[in-house]
There are 2 protein chains.
Amino acid sequence: MKTETSKSANEAQIRARLDEWAKAVCAKDVEGVISNYGPDILLFDLAPPLQYQGTNTCRGNWAEWFATFQGPVDYQISELRIISSIDVASCHSLNRIHGTRTGGEHTDVWVRATLGLVKSDGKWTIRHEHYSVPFYMEPPYKASLDLKP
Amino acid sequence: MKTETSKSANEAQIRARLDEWAKAVCAKDVEGVISNYGPDILLFDLAPPLQYQGTNTCRGNWAEWFATFQGPVDYQISELRIISSIDVASCHSLNRIHGTRTGGEHTDVWVRATLGLVKSDGKWTIRHEHYSVPFYMEPPYKASLDLKP
């Protein structure tokens, strides 16, 4: 019973953490996003390179991405599944990114998100993030930016 | 001390599980791959759709992919990091897929891999897999198939 309670309490804490993270993304608040990361964060992002390591690299990456949007970003986490233990969790979801780019084009894309989180000193932090879209398996191997759940 | 021992024992078990999984991929052994999955496996794969759910769907997906290769697939797991607790783990790595397609073309691509694992009845199983490459942010938004770690 205690284990069940801890599990649901942990999941509630993780959901709160991800809500906070998503609100920071919507507000284009770089420091708000970064405050959810552990220092050893390793990010597999939508854009190259293969990986980004450490909070400083991730900070620059988020700032650059936010700068490509006019006004706020509409960022929604959907179909979230949390696999959690006492102090480690793996989460995945389908996330919608919706907004207007500085060049005026409209972006509305669904991406896959997988996170690895660790609880330390009572606080969950994100240690790993993986964002992607699949790609079409025929030349020119375009990213599948038109998929919906 | 006990926790440390369990942690390293768990990580050794996970490494063994992933080695087994990779050997099955190299041998194009569909059932060998599937035997590492939990029944609620959810896969974010390189090819569309956004997600594949359940062992039967994943079985078909692996069989189709294996059929695109002549002979064995050279599949290597590199830069593996395991974030583990007693019974939940999040792992990520850069994996190299290397081989000759049935049409004769040569494939040599590095992909990002993130897994979610659960230990139940003393056995680690994979509950979530996420494979991807990033994509170039200029039209035609091609998958970044030429990146090396």
Residue in the stretch B:36-56 that is farthest from B:Leu117 (Cα to Cα), counting only those that are touching a residue at least 40 places away in the same chain (Cβ under 8 Å) and out of contact with any helix residue (DSSP H, G or I) (no Cβ under 8 Å at 6 or more places or on another chain)
B:Leu46
Which one of these does A:Trp65 not meet: (1) assigned to a loop (DSSP other than H, G, I, E, B); (2) free of Cβ contacts under 8 Å to residues at least 24 places away in the same chain?
(1)
Using the structure shown, decide if B:Trp124 is aromatic (Phe, Trp, Tyr), in a strand (DSSP E or B), touching a residue at least 24 places away in the same chain (Cβ under 8 Å) and more than 7 Å from every other protein chain (Cβ to nearest Cβ).
yes
In this structure, is A:Thr68 over 16 Å from the mean Cα position of the chain (by Cα), more than 7 Å from every other protein chain (Cβ to nearest Cβ) and at negative phi?
yes
The lone condition A:Ile77 fails out of (1) touching a residue at least 12 places away in the same chain (Cβ under 8 Å); (2) part of a strand (DSSP E or B); (3) within 11 Å of chain B (Cβ to nearest Cβ); (4) under 26 Å from A:Pro134 (Cβ atoms) is (3)
Among the residues of the stretch B:87-115, write down those that are more than 27 Å from A:Gln53 (Cβ to Cβ) and either facing chain A (nearest Cβ under 8 Å) or among the aromatic types (Phe, Trp, Tyr) (or both).
B:Asp87
When every residue in the stretch A:66-97 that is touching a strand residue (DSSP E or B) at 6+ places or on another chain (Cβ under 8 Å) and farther than 21 Å from A:Arg17 by Cα is compared, the one surrounded by the most Cβ atoms within 10 Å (Cβ to Cβ) is A:Phe69
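The numbers here are math on the coordinates, done by the rules we state, and not lab data. Everything numeric in this text was worked out from a predicted model, so none of it was measured. Don't worry about glycine lacking a Cβ; one is built from the backbone with ideal geometry, like all the others, and counts go over all protein chains shown.
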